[in-house]
Every structure is written in C-alpha cells, then in structure tokens.
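Remarks on the structure that follows.
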Amino acid sequence: MGAVPSALKHCLSYQHLLKEQLWIGEPAAPPPAAPHPWQESQASGLPEYIKIVEVGPRDGLQNEKVIVPTEIKIELINQLSKTGLPAIEVTSFVSSKWVPQMADHKEVMRGIERHPGVQYPVLTPNLQGFHSAIAAGATEVSVFGAASEAFSKRNINCSIEESIEKFEEVAKSARNMNIPVRGYVSCALGCPYEGNITPTKVAEVSKRLYSMGCYEISLGDTIGVGTPGSMKRMLEAVMKEIPLSALAVHCHDTYGQALANILTAIQMGVAVVDSSVAGLGGCPYARGATGNVATEDVIYMLNGLGINTGVNLYKVMEAGDFICTALNKTTNSKVAQASFGTGAI
Amino acid sequence: PKRVKVVEVGPRDGLQNEKNIVPTPVKINLINMLSETGLQVIEATSFVSPKWVPQMADHTEVMQGIHKLPGVSYPVLTPNLKGFQAAVAAGAKEVSIFGAASELFTKKNINCSIEESLERFSEVMTAARAASIPVRGYVSCVLGCPYEGKIPAAKVAEVSKKMYSMGCYEISLGDTIGVGTPGSMKEMLTAVMKEVPVGALAVHCHDTYGQALANILVALQMGVSVVDASVAGLGGCPYAQGASGNVATEDLVYMLNGLGIHTGVDLQKLMDTGTFICNALNRRTNSKVSQACCRL
C-alpha cells in the first residue's frame, strides 16, 4: 500500500465522505444521508442529545503559555457563540496574581456578545469572585472542588472541607439571586500528587457539591490518566449519589484516552461533555503533554454515532483555526489537522 | 476479552508511510527492540517491488538480519506469488495479503479490480498452503474510502468472507483513512461477524480523526481480541497531508492495561523503542503516552 497520488486531495468522493461525517448544513437537523445511525443511537442506548460545554476560553487559555490579548479572547468567544454550542465557559474571577491569563475577566465578560440560548458561565472560587462576576454581568457561575486533599491544598491552599465551606457561601448567594451554579470535581480518575483516587471519594465530594445546590457536576480527569475501566468504576460510584442527568465528564487527553473515556461515559448515559476548541490547554503536570480533549474531535465522534449536539463542526473548526493562528500554535484537534491539510473546507 | 493480541505494524505499515528512507540497520534494530517488549506479532517488511515502495526495498536484508525470538511471529506482506516466493526464500514463516472493500481503491492502489486481486491472492494461498505458511488477510477501507466515500458494511463482509474462505487464518479490518467512528465500526463489525467468526477478526484503526481508541474500544466490546497498532504512531496518512495515521501502540497498551486486559507487552520497553525510532527518524512521537511520560 505505497505510492498514492497526492491528487487525491481534490477527490470529490473523499470530500463528500468528510462532509457527511463533518455534518454540514442545519446543525439542528438530523444527518441528511444517514437516518440509520440516528435510529442507531436510540437503539444502542446512547443519549439522543449531548450538551457540549466549551471550556476553551477559560480552561484552555488558562493553560496556554502566551497571555492572550482581551480582544482576541472576545473574538474567540463571539465566534464560538455562532457555532451552536449551548454553553461557553468565558473566564475566571480569580485573583490576577494567581492566574494572570484571566486578569481581564471583567473586560471579557462585558465585551462579549451574548447570544440568546447560550450560557456563559464563569469560575468563581469564592464569594468575592462571585460578587465581582455578578457585577460584571455573569448569569451563571462554576465552583471547582477536588477529590484529592493534596491537590486541593496545592491548588487552592486549603483542605477539601474548607473549600466546600467557601463554595457553600457562593452557592447560598447564588441561590438568593437565582444564579445557577455548576460544580467541578477535579482528579476524579487520578491525582498528580496522591496517585489513585477512590471512586467513593469522588462520589462523596460530588454529593456535597450537588447537595449545596450545584445543578450539574462535571467530573474531571485532570491529568488524563483515566481509562474506560477507571471511568466506568468511578461513574458507577457517583451515579449512586447523583442523578445521571446532573452529571458531566471533563476528560483530558494527556494519554490519548479522552474519546474512549467519553464514549464509556455516554454508553452509561452521561449526556454532558466538556471539551476545548482545538484542544487548547496543555497539562501543567506533564510538560509538553496535551490537556483538554478537542471539541472538534468530540463532535466528529458524536456525529458519527448519530447523536445530536446542535453544533456546527465547520464553524468550530474555523474558531479553532482563528485562535491557533492568534496563538501561533498548531491545533491539537486531529479532525482539524486532517481537514485543513486536505483543504476539504 | 481478557487477553488481546497486539499486532505491531510499525516496521512495515508505519515506516512505509514515513517520508525519510530508513537505513537497514535502523530497521533491524527497531524490530529487535520490539521483539524484547513482549509483542507476539511484529510485521517486519513487505516483499513488493522497490519501484513501488522504495522504503521496503531492503526486505530481504531486513528479514535475514533480524533476531527472531521464539514465540514471536514476523509476518511480511506479499502482494503476489513472486513476492511470496522471495519472502519464503528470505526465511519468512508467515505472510499477509492486502485486499480492499472498495473497487476504486483497489484500482488506484494495485491497478486491478477486487476480483482480480483475489485471484492473485489465491495463487499465494495455494503456495502458502503447500508450504504450511499461515496467511493473514487485510481488508482496507472498511469504514470509508478516499475515492468512493462511504463503503457499505455488506461489501466489507463479502470481501472478508472471500478472504477467510480462501484460507486466511485472520482478517484484519482496516479503517484506512481513519474516518470511522464507534457508530460505523459497530455497524461494520455486525455485518462482518455474520460471515467470519469473531475469533478470526482483528481491527486496524487509523487515528487520523482521533477516533482510533474509541473505535477499538467498541470492537473490544463486540468481542474482537486482536488489535493492530504502530509503535510511536509511526506512519502518516497519504490521503490527508500532515495528518496522523496509525494508532500508537503505547496508547493502545495504556488503555488495555487500564481495562485490566492482558497483552503481555511491557509498556516501558515499548516507549523506549518508540523513543529510539523517533530519534532515528528525527521526528516527534505520535504517542500521547510517550509525550506525557518522557517529558517528565
């Protein structure tokens, strides 16, 4: 299987195949040429619809080395707003001393276009950040817990219990103002300091966050060490404490396992998946390694499974291309690498 | 499955799709290092005309130069009877033949129809049977073709059945351009498993769209227990410039280890081998596991 003419790039059939897979046209409509996979997803027990939570502008950019100018951040979010993504995590109201990348949180929050039907959550580690976020116009916030004591101590300088207390303050204020709160649990499949994390611990922390009023719990494989086996065990434990519909998975692709882990989660009924356009965001714990899973690659897989996301893959790829050019880096999305190479767009 | 056989295709499929011609001693060292990792099957080279595939021109030297560990199989590609005879003369004990589920692909790749290619293979089969040499069959384009686009699962089943009936002990189903997703993998396997027993099936997934491990997971869930992979994810994709090709053996083994599935492969030794060949080729690894581990 050797010498192949490179004139293949212009082959129409290949482009048609890609277009079928990449799902051009109305994002909300079922795939035109494939009613069969549509039925397939229902028959196979997979969710019919999966909500994608785009974390590129926050989690992604936060882990990029280069400080991104405010206008670029705003433009990225505006482009993402046009793709059909239902939720885009915008920024983080943390002290700029800790996270310089997010120092322009107010400007970003105020500067973005707010599309109807799209949520723009922001991170708020404590009450002060929460008030600041509300003042800047935020209508949804997120709090970040961890299933590992060591990680909690190193990351936010307090124990899990102390962090929960802080979040309870936020949750209480949020409740009074009718602001929904999303809870994250980091290190759900492993910790860079503690190593193995027991599923029971993850379930316990998740339950605390859910009980204080978080409407959704995003379980994060922070260092990407999880595999379908550990994902399954962890979800089984958490699903005993929290309804499936309130669960999301936030997988990192550091060991290439993200899509396989996400597949496992959706096979178990999870219907919310976090991802980052162009796979933005390296891993602070493994130099040179990748971090977030790429939104484009997730959508490609879900399209192929006949699962509706409402998202236009082409437009996401364009947003990815924009931010990678601005950051002067190559995309971490394999779909984007393959597509832009052939000029199939 | 409790055990999965990993078929290492790096030295053949991997190197064949690398731009730089690799010197013979490097190829031999690569295969020798792979032999030490616990891999049971290592595809060594291809007995095709060097005019078509210059990377494999040193097939005889490689075959004769490698250290063959007992218990490890070193299959080689043999597109026709001539290649088969050369392979056996060079000491090959197992061969592979490459079919496709797409007419256009077969025409463009080996300049004949599927039917004609099967006739050529049957010559090889006859000779192989006479020499007691096992033959592995590959079916390309099982989840999509760069020329034809969508490939019906029934076609894949048909070609697989023919090759199996001819006497191939195993059929490796290849997602040649990596466009498959868990949905299309499931559909294709369901059709093929009606014609070929699952114990004789293998999957050969390309990671061009990042779908490989998810596709492999689905195949495992359906009972497939043989998976092809390439150390360091060697081998780009000739159909999508700059894109990746084969799935990386390290990443596959990482997933299988996490699932508690036995492979017999030592991941550390595998990563060391990947580092070796990437240095020799002066390129970065395509394995995420290697990227994560070796930087620390």
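No lab work stands behind these numbers, since they all come straight from the coordinates. Note that this is a predicted model, so its numbers are computed, not measured. Neighbour counts are summed over all protein chains in view; Cβ atoms, including those assigned to glycine, are modelled from backbone coordinates with ideal geometry.
Remarks
- Extension gain, residue A:127 back to residue A:97 (0.36 nm per residue minus Cα-Cα distance, nm): 9.1 nm
- Springs between Cα atoms under 10 Å define the GNM used for chain B, and in it the highest mean-square fluctuation of B:283, B:136, B:12 occurs at B:283.
- Magnitude of the charge dipole, the range B:1-104, Cβ model with Lys/Arg +1 and Asp/Glu -1, debye to 20: 200 debye
- Efficiency of FRET between residue B:64 and residue B:3 - r from beta-carbon atoms, R0 25 angstrom, step 0.05: 0.20
- Tail fraction, Cα-Cα pairs, the protein assembly as shown, threshold 43 Å, whole percent: 22 percent
- Each label point was placed 7 Å from the Cα along the Cα-to-Cβ direction; for residue A:326 and residue B:132 their separation is 6.8 nm.
- Options A:206, A:301, A:179, ranked by Cα towards positive dipole end of the range A:51-339, top entry (Cβ charges): A:206
- Spin-label model, residue B:165/residue B:26: points 7 Å from Cα along the beta carbon direction are separated by 4.5 nm.
- Summary value for chain B: 20 percent relative contact order, contacts being C-alpha pairs under 8 angstrom separated by 6+ residues.
- Once both labels are positioned 7 Å from their Cα atoms along Cα-to-Cβ, the gap between residue A:110 and residue A:178 label points is 2.5 nm.
- What you get for the range B:5-293, charging only the Cβ of Lys and Arg (+1) and of Asp and Glu (-1), is a dipole of about 180 debye around the Cα centre.
- For the options B:165, B:46, B:184, a Gaussian network treatment of chain B with springs between C-alpha atoms closer than 10 Å singles out B:165 as fluctuating the most.
- Using just its DSSP H runs of length 4 or more, each adding -39500 (n - 2.57), the protein assembly as shown gives a mean residue ellipticity at 222 nm of -12500 deg cm²/dmol after division by all residues.
- Protection proxy ranking, highest mean first, for peptides B:213-221, A:273-281: A:273-281, B:213-221, where packing is the per-residue count of other beta-carbon atoms within 10 Å, averaged.
- Most fluctuating residue given options B:205, B:278, B:141, as computed from a GNM of chain B linking Cα atoms under 10 Å: B:278
- Proxy reagent accessibility, fewest Cβ within 10 Å first, across A:252, A:115: A:115, A:252
- Selection from B:213, B:261, B:196, by position along the positive dipole direction of the range B:191-296 (Cβ): B:213
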